[in-house]
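These notes are about the structure you will find just below.
The values are calculated or read from the model by the stated rules, or taken from the named source; none is laboratory data. Source: prediction; values computed, not measured. Here the Cβ positions follow ideal geometry from the backbone for every residue, glycine too, while neighbour counts run over all protein chains shown. In case anyone asks, the SASA skips ligands and DNA or RNA and just uses the protein heavy atoms, side chains included. Shrake-Rupley method; radii C 1.70, N 1.55, O 1.52, S 1.80 Å.
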Amino acid sequence: MSTVTVRLGEPLWRQVNAKQILLTLPAGASVADMLSRLAEEHPALAEYLQSDELPPTVFLAGTVAAADTPLADGDEPMLMWAAAGGAPGNMRRSHA
Amino acid sequence: MPNLAFVDLTSAETRVLETPEALTRAFLGGRGLNMLYLTALLRQAGGAAKVQPFGPENPLIIGAGMLTGTIVPNAARFNVSAKSPESLGLGDANCGGFFAAAMRRAGFDRLIIVGRAAQRSYLLLADGEVRLLPADGLWGLNSPEAQQELKQRHGGGTVSLAIGPAGENRVRMASVMTGKKNTAGRGGMGAVMGAKNLKAVAANSRTRIPVADRAAMRVVRREQTAHLKKSRVVEVLGKLGTPFLYQTGNQLGAVRTRNSQDNYFEDSLNAEEIEKYVDKMLACTSCVVACRHRNTLGGEGPEYSTIGLLGANLGIAPTDQVITLNNLVNDLGLDASSTGTIIGWAMELYQRGIIGDDLTEGRLDWGDYERVHELILDVAHRRGFGALLAESTQAGRLLPPEAQDYLIAIKDLPQSDPHDVRYIKSFALGIAVASRGADHLRNRPTLDILRLPDELRRKIFGVETNPDPTAYDGKAEMVAWHDDIYAVSDCLGICRFVTHGFNSPHLLGYEHFGEAVRAGTGMDFATEEFRAVGARVIDLERLLNQEFGRTRADDTLPKRYFDEPMPGRVSKGHRIERDKFETMLDEYYAARGWDGEGRLSERRRQELEMLLQQAGDGLRSD
């Protein structure tokens, strides 16, 4: 098992009124697994995480993580919306 | 129906004319018809390159979109166009608010203003008539003050656009304002008004705007509003406005910071901090989004562009200071994008010793809020060092040659938005080819960042495109597609925030536009016909740019974007490779049907010449 602290950026944190969420995932879980778990545990986020309008961007250790990027214990991925002024989305294929 | 006022300020005469249906069919309204009349009139005045932007011969055109003022969602927009005193090229600024609807209620879809008034004046539009009145008591006022005074004079229902001191003083980045914040900002249109001795245009009429089928229009309103309300982007824009874009851009490392020497800045400019100073969200005519903040420091805004360019780009972090600067440029009638870019440029020149205290009349350090506040006032009033910066990009002629290496501008227009485009290559191509200069609202392919599924991208763009936003290939068609739909929404008067392709693939597209135009005018336009209008507008702007002397060499980027890798965060190391950029430009020209130098086909040129001839002939008084 690994525990990650998911940090929520704009506008995701507003859906759960929290800036971070602690998640326990199976060892070897990927970013896509993390998003699925988040959506399950926090239905208010699901619509945003699985939207085909503005997919989330996951920043991890100074990079934009891919859907299949593995997560390690203690990781602190940060989720934000991809947006015109911002960063490219990376989760599209995992939810298509 | 006569809907076009041709106003000669020199002779104080107005002719009210009809826009020929063939021209409306070809360009719809708004930006498209403005560009047509601008091109025709610059030719009549001796040629685009020769016309002096502050001369009486420079036409100033204020044109509402075809649907502006109706109940179609977000149909509030109008364009202000002229030869730009800032870029010395194509000047065109788009604006929301309530003025254009009022102008249409007064009986005018478009004002073409030539000449120069003998005394400081303003125009009053009411019930199909235009009056030229003295601006006694208005000149010298800030824009919101002048608008308030016009309400006092002509009644509470009066809606105006007005320049502030910056426009009066012919500051080359002066805007035209309506309300406290709605801004026709780009290219110095406010300075053109000032040069004409024209402080304001006020409209007061209760006449209904003509609509072909009001029942059908109500259905369009209801259905399109319901469609838009399903969008999460619309929802978030209505809660947070554009500042929500800052945090993601900053995390990526794509926020222009200290004149693009850095690419990320403080969290104090996040939407969460901005909203502490917001007490209400406001909307324009018929808007269903309501993205405009009323702030608790006495103004409206700021937008993401403003917090980026008056905040990060100048090294100013405190939220209240950035909002205060936002309010200041709006009151003075200055374009926030150009103002932030030009002051940031000066700060780097000072940092590098290219200019010194003798010129700047004191230190010019990053983050020095007091100095920036004072300097903005000096720019608007053309005082001291501010008088040099009031020249905007044209100040380069008065500075050491190496100063040009640090100017973040294209075609002599400072970059409009705070996004550092070295990471997302299609954004770079977009601002390089944008007709009015470095501007994201002409064609930003925002869908490129969504990594949409292949099938959906194929359906939208009609060709194969590359889903990797850092790739150079497979981007040209995408930019061209955005060129067209944004041009059409500008012609219709519809806000970018509800236009398909801007931040979302689920907003209003050509089919929605077709329903709205049918209800509004009785005219039918199929999707391909709309796209043809968009392409025609882009080609006309290309033709006009060529008449200004622009060539392929002008479709480029600031030197720094080619030569210097981005310094930090996710985008670290990215820059634009010149040879790949040139290939992307070749592909873009091919997508537009232009030759390798970016010139129109002979067939297209002939088509445009016929339309220009008709437009020009219709304006002649003899």
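Taking the Cα centre of region B:249-414 as origin, work out the dipole magnitude from +1 charges on Lys and Arg Cβ and -1 charges on Asp and Glu Cβ, in debye rounded to 20.
Numbers: 13 positive and 25 negative charges, 86 e Å.
In total the dipole reaches around 420 debye.
Put +1 on the Cβ of every Lys and Arg and -1 on every Asp and Glu Cβ in region B:205-360; which of B:Asn270, B:Ala226, B:Tyr304 then has its Cα farthest towards the positive end of the dipole?
Result: B:Ala226, furthest along the dipole toward the positive end.
Taking every DSSP beta bridge that has both residues in the protein assembly as shown, what percent is antiparallel when rounded to the nearest 5?
Details: 58 of 71 bridges.
Among the beta bridges of the protein assembly as shown, antiparallel pairing accounts for roughly 80 percent.
Please state the shape class of region B:2-203: rounded when a/c is under 1.5, otherwise prolate if a/b exceeds b/c and oblate if not, all from the C-alpha gyration tensor. Display every interim value, and only then the final one.
Values: a/c = 1.35, a/b = 1.05, b/c = 1.29.
Rounded, since a/c falls under 1.5.
Please give the peptides B:416-428, B:200-212 ranked by average Cβ packing (other Cβ atoms within 10 Å per residue), highest first, as a rough proxy for protection. Display every interim value, and only then the final one.
Details: B:416-428: 26.8, B:200-212: 19.1.
Ranked from most to least packed, the peptides come out as B:416-428, B:200-212.
Can you list residues whose amide H is under 5 Å from B:Asp262's amide H, if they're 5+ apart or on another chain and H is modeled 1.01 Å from N?
Amide H neighbours of B:Asp262, under 5 Å, 5+ apart: B:Thr257.
Please compute the length gained on full extension between B:Ala118 and B:Gln606, using 0.36 nm multiplied by the number of residues separating them and subtracting their Cα-Cα distance.
Details: separation 488, 0.36 × 488 = 175.68 nm, distance 3.95 nm.
Separation in residues times 0.36 nm, less the Cα-Cα distance, equals 171.7 nm.
Give the Kirkwood hydrodynamic radius (Å, one decimal) of chain B, defined as one over the mean of 1/r across all pairs of different Cα atoms.
Mean inverse Cα-Cα distance, inverted, gives 24.0 Å.
So if I place +1 on the C-beta of Lys and Arg and -1 on the C-beta of Asp and Glu, and nothing else carries charge, what would the dipole magnitude of region B:2-203 be about its Cα centre? I want it in debye, nearest 20. Walk me through the intermediate numbers first.
Details: 22 positive and 14 negative charges, 77 e Å.
In total the dipole reaches around 380 debye.
For the pair A:Thr63 and B:Thr296, how long in nm is the line joining their label points, each one 7 Å along Cα→Cβ?
So the label points at A:Thr63 and B:Thr296 sit 4.3 nm apart.
Please give the total accessible area that chains B and A bury against each other, computed with a 1.4 Å probe and expressed in Å² to the nearest 100. Don't jump to the answer; show the numbers that get you there.
Working: alone 21320 and 5230 Å², together 23680 Å².
Its buried surface, counting both partners, is about 2900 Å².
How large is the helix-only mean residue ellipticity at 222 nm for chain B, computed as the sum of -39500 (n - 2.57) over DSSP H runs with n ≥ 4, divided by its residue count, in deg cm²/dmol to the nearest 500? Walk me through the intermediate numbers first.
Numbers: 24 runs with 254 residues, N = 622.
For chain B, the value works out to -12000 deg cm²/dmol.
Provide the percentage of antiparallel DSSP beta bridges, counting only those with both residues in region B:2-203; round to the nearest 5. Numbers along the way, then the final one.
Working: 34 of 44 bridges.
Of the beta bridges lying entirely in region B:2-203, close to 75 percent run antiparallel.
Can you order the peptides B:438-444, B:64-70, B:379-385 by their average number of other Cβ atoms within 10 Å per residue, highest first? Working shown, then result.
Numbers: B:438-444: 25.3, B:64-70: 29.0, B:379-385: 20.7.
Peptide ranking by packing, descending: B:64-70, B:438-444, B:379-385.
So how do B:356-362, B:38-44, B:450-456, B:547-553 stack up, highest first, on mean other-Cβ count within 10 Å?
Working: B:356-362: 12.7, B:38-44: 21.6, B:450-456: 17.0, B:547-553: 14.9.
Result, highest mean Cβ count within 10 Å first: B:38-44, B:450-456, B:547-553, B:356-362.
Hand me the GluC sites (Glu not before Pro) from region B:564-622 located in a DSSP loop with no more than 16 other Cβ atoms within 10 Å, in residue order please.
On the way: sites: B:Glu577, B:Glu582, B:Glu587, B:Glu597, B:Glu602, B:Glu607, B:Glu609; in loops: B:Glu577, B:Glu597.
In loop regions of region B:564-622 (DSSP not H, G, I, E or B), the sparsely surrounded GluC sites (Glu not before Pro) are B:Glu577, B:Glu597.
Scale the Cα Rg of region A:2-95 by the rule-of-thumb value 2.2 N^0.38 Å and send over the ratio, two decimals.
On the way: Rg = 11.8 Å, N = 94, 2.2 N^0.38 = 12.4 Å.
So the Cα radius of gyration is 0.95 times the expected 2.2 N^0.38 Å.
What FRET efficiency comes out for B:Lys580 versus B:Lys559 if R0 is 22 angstrom and r is the Cβ-Cβ distance? Round to the nearest 0.05. Before the final figure, lay out the partial values.
Values: r = 16 Å, r/R0 = 0.75.
The calculated FRET efficiency here is 0.85.
Under a crude label model (7 Å from the Cα following the beta-carbon direction), how far is B:Asp617 from B:Lys230 in nanometres?
Modelled inter-label distance: 4.8 nm.
Set Lys and Arg Cβ to +1 and Asp and Glu Cβ to -1, take the dipole of the protein assembly as shown about its Cα centre, and tell me which of B:Asn259, A:Ala44, A:Gly28 lies farthest positive.
Of the candidates, A:Ala44 comes out farthest on the positive side.
What is the Å³ per residue value for the convex hull set by the Cα atoms of region B:425-619?
Numbers: hull volume 25.9 nm³, N = 195.
Here the figure is 133 Å³ per residue.
What is the list of residues in region B:115-140 whose amide nitrogen lies under 12 Å from a point 7 angstrom out from the Cα of B:Thr10, following Cα to Cβ?
B:115-118
So how far apart, in nm, are the two label points at B:Thr527 and B:Glu129 if each is 7 Å from Cα heading toward Cβ?
Roughly 4.9 nm, to one decimal.
Taking N as the number of residues in region B:238-304, what is its alpha-carbon radius of gyration divided by 2.2 N^0.38 Å? Write out the running numbers ahead of the final one.
Working: Rg = 13.1 Å, N = 67, 2.2 N^0.38 = 10.9 Å.
Rounded to two decimals, the normalised Rg is 1.21.
Accessible area per residue for chain B in Å², computed with a 1.4 Å probe and the full protein assembly in place, what is it? Intermediate values should be presented prior to the final figure.
On the way: 19950 Å² over 622 residues.
For chain B, the per-residue accessible area is 32 Å².
Quick one: pull the percent of accessible area on region A:2-95 belonging to carbon and sulfur, 1.4 Å probe, ligands and nucleic acids left out.
Values: 1620 of 3470 Å².
Of all accessible area on region A:2-95, carbon and sulfur atoms account for 47 percent.
Longer than 18 Å from Cα to Cα, which of B:Lys50/B:Lys83; B:Lys83/B:Lys559; B:Lys230/B:Lys459; B:Lys411/B:Lys559; B:Lys180/B:Lys239; B:Lys50/B:Lys199 are they? Say none if no pair is.
From the list (B:Lys50/B:Lys83; B:Lys83/B:Lys559; B:Lys230/B:Lys459; B:Lys411/B:Lys559; B:Lys180/B:Lys239; B:Lys50/B:Lys199), the Cα-Cα distance tops 18 Å for B:Lys83/B:Lys559; B:Lys230/B:Lys459; B:Lys180/B:Lys239; B:Lys50/B:Lys199.
In whole angstrom, how far apart do the alpha carbon centroids of region B:220-272 and region B:413-467 sit?
The distance from the Cα centre of region B:220-272 to that of region B:413-467 comes to 16 Å.
So what are the radius of gyration and Dmax for the Cα set of region B:557-619, in Å?
19.2, 57
How big is the equivalent ellipsoid of region B:249-414 along its three axes, where each semi-axis is √(5λ) from the Cα gyration tensor, reported in whole Å from largest to smallest? Can you show the working numbers first?
Working: eigenvalues 153, 57, 43 Å².
Working through the eigenvalues yields semi-axes of 28, 17, 15 Å.
Which one of A:Val58, B:Ala409, B:Gly115 has its Cα pushed farthest toward the positive end of the charge dipole of the protein assembly as shown, where Lys and Arg give +1 and Asp and Glu give -1 at the Cβ?
B:Gly115
Find the Rg to Rh ratio for the protein assembly as shown, where Rh is the Kirkwood radius over alpha-carbon pairs and Rg uses the same atoms.
Working: Rg = 24.4 Å, Rh = 25.5 Å.
A ratio of 0.95.
For q values of 0.13, 0.14, 0.20, 0.21 Å⁻¹, compute log₁₀ I(q)/I(0) with the Debye formula on a Cα-only model of region B:302-361, without solvent.
At q = 0.13, 0.14, 0.20, 0.21 Å⁻¹ the computed log10 ratios are -0.35, -0.40, -0.73, -0.78.
Averaged across A:47-56, how many Cβ atoms of other chains sit within 10 Å of each residue's Cβ atom? Show your work: numbers first, answer last.
Numbers: counts 1, 2, 0, 0, 5, 7, 11, 12, 4, 1.
Mean partner-chain Cβ count within 10 Å for A:47-56: 4.
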